[in-house]
1. For the subset of segment 1-15 comprising residues that are out of contact with any strand residue (DSSP E or B) (no Cβ under 7 Å at 6 or more places or on another chain) and open to solvent by 10 Å² or more (accessible area, probe 1.4 Å), which member is nearest to the ligand (Cβ to nearest atom)?
2. Could you please find all residues in segment 80-125 being open to solvent by less than 60 Å² (accessible area, probe 1.4 Å) and more than 15 Å from the ligand (Cβ to nearest atom)?
3. Anything in segment 138-161 that is buried (at least 22 other Cβ atoms within 10 Å of the Cβ), among the aliphatic types (A, V, I, L, M) and more than 9 Å from the ligand (Cβ to nearest atom)? List them, or say none.
4. Can you pull out the residues in segment 50-63 that are within 12 Å of the ligand (Cβ to nearest atom) and surrounded by fewer than 20 Cβ atoms within 10 Å (Cβ to Cβ)?
5. In segment 24-43, what residues are near the ligand (Cβ under 9 Å from one of its atoms) and either open to solvent by less than 60 Å² (accessible area, probe 1.4 Å) or among the aromatic types (Phe, Trp, Tyr) (or both)?
6. Among the residues that make up segment 174-192, is at least one of them buried (at least 17 other Cβ atoms within 10 Å of the Cβ) and part of a helix (DSSP H, G or I)?
Amino acid sequence: MDLNLKARVALITGSGRGLGYAAAAALGREGVRIVVTDIDAAAVQRACAQLAEQGVQTIGVPADVCNEQQVETLARRAIDAFGKVDILVNNAGFTRDKYLTKMPTQDWDAVVDTILKGTYLCTKAVLPSMIEQRWGRVINISSRAHWGNPGQTNYSAAKAGLIGFTRSLALEQGKYNITANAIAPGLIETDLVKSLPTYERLRKTALEKNPIPRLGLPQDVANAIVFLASDCAGFITGDVLHVTGGRYAS
Ligand SMILES: NC(=O)c1ccc[n+]([C@@H]2O[C@H](COP(=O)([O-])OP(=O)(O)OC[C@H]3O[C@@H](n4cnc5c(N)ncnc54)[C@H](O)[C@@H]3O)[C@@H](O)[C@H]2O)c1
């Protein structure tokens with residue numbers, strides 16, 4: 001199977017750590033040049049240094065995906081450095097869990113804005129480069145929570161909205177040979193997840209309910225990203241790939 005990724009350039013939001021970083025390392029191993037971007041400037045610097053040690057060519061650009069001006073600068077700097085953006089991974093996101101009756105509006109706004117507005121701004125900023133080349137891959141990191149999770153009305157709504165965005169984008173951009181797909185991970189053992197006060201409970205439930213009885217690893221999601229970014233996935237668009245060990249809505 002020829003992934004044919006060597007000449008590609010990927011911009012990955014939230015790639016200072018966690019799943020975004022794992023995706024950067026996995027694509028980097030295939031020869032992809034990486035634009036590392038994150039709201040956390042120190043994490044950008046750290047990630048670029050670690051990737052450079054692995055022989056990956058990168059530029060690091062700190063940016064808040066919700067800030068239109070910063071996103072425009074990010075896209076411009078990516079194109080100045082590498083001439084194009086072929087692959088966009090909209091990965092930046094986080095949870096602010098509370099039952100709706102107790103949810104502060106700022107928690108609703110922060111989660112929905114980062115996931116939806118961030119994806120809208122980043123995709124809009126890099127699409128002209130993809131259209132010009134008649135080749136592109138937009139990969140949106142949704143979540144198993146798109147089916148609903150108690151305490152996550154904000155996060156579930158945003159992750160489900162991301163799937164609607166993905167399907168519409170696929171319909172709009174297919175004629176330019178640009179695919180748009182979503183990945184819906186289940187519980188993945190990132191540092192963030194391991195630091196949650198609820199980690200042990202989440203882990204126990206996942207082990208009980210996952211048909212494949214283990215937690216997901218960042219590499220499991222990174223593998224799916226590499227596949228969807230490759231030429232091998234050129235006829236797959238508007239789809240949702242679940243990386244959940246077989247666990248769906250429950
Ligand atoms: N880890 C899981 O179990 C899991 C499961 C399903 C979905 N996801 C999704 O995967 C993505 C990555 O999750 P993770 O576990 O790696 O989390 P993480 O917190 O380790 O990484 C997310 C990164 O996004 C960055 N970020 C946050 N807000 C930003 C903004 N406004 N602009 C730019 N960068 C920003 C953070 O600084 C952080 O480095 C998220 O969208 C998350 O919702 C994670």
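1. Taking segment 1-15 as the starting set, the residues that turn out to be out of contact with any strand residue (DSSP E or B) (no Cβ under 7 Å at 6 or more places or on another chain) are 1-7, 14.
Next, from what is left, pick out any that are open to solvent by 10 Å² or more (accessible area, probe 1.4 Å): 1-4, 6-7, 14.
Numbers: Met1: 26, Asp2: 28, Leu3: 22, Asn4: 26, Lys6: 26, Ala7: 27, Gly14: 3 Å.
Going through the qualifying residues, I end up with Gly14.
2. Let us first name the residues in segment 80-125 that are open to solvent by less than 60 Å² (accessible area, probe 1.4 Å), namely 81-93, 95, 103-104, 107, 110-112, 114-116, 118-119, 121-123, 125.
Selection gives Ala81, Phe82, Gly83, Lys84, Val85, Asp86, Ile87, Met103, Pro104.
3. Once the filter is applied, which keeps residues that are buried (at least 22 other Cβ atoms within 10 Å of the Cβ), among the aliphatic types (A, V, I, L, M) and more than 9 Å from the ligand (Cβ to nearest atom), segment 138-161 yields Val138, Ile139.
4. So in segment 50-63, the residues within 12 Å of the ligand (Cβ to nearest atom) come out as 61-63.
If the condition is that a residue be within 12 Å of the ligand (Cβ to nearest atom) and surrounded by fewer than 20 Cβ atoms within 10 Å (Cβ to Cβ), then Pro62 is the only one that fits.
5. Looking only at segment 24-43, we keep the residues that are near the ligand (Cβ under 9 Å from one of its atoms), and these are 37-40, 43.
Hits for segment 24-43 are Thr37, Asp38, Ala43.
6. No: segment 174-192 contains no residue that is buried (at least 17 other Cβ atoms within 10 Å of the Cβ) and part of a helix (DSSP H, G or I).
The values are calculated or read from the model by the stated rules, or taken from the named source; none is laboratory data. Just so we're clear, the structure is a prediction, and the values are computed from it rather than from any experiment. Please note: Cβ atoms are built from the backbone with ideal geometry, for glycine as well, and neighbour counts cover all protein chains shown. SASA here: full protein model, heavy atoms, side chains in, ligands and nucleic acids out. Shrake-Rupley method; radii C 1.70, N 1.55, O 1.52, S 1.80 Å.
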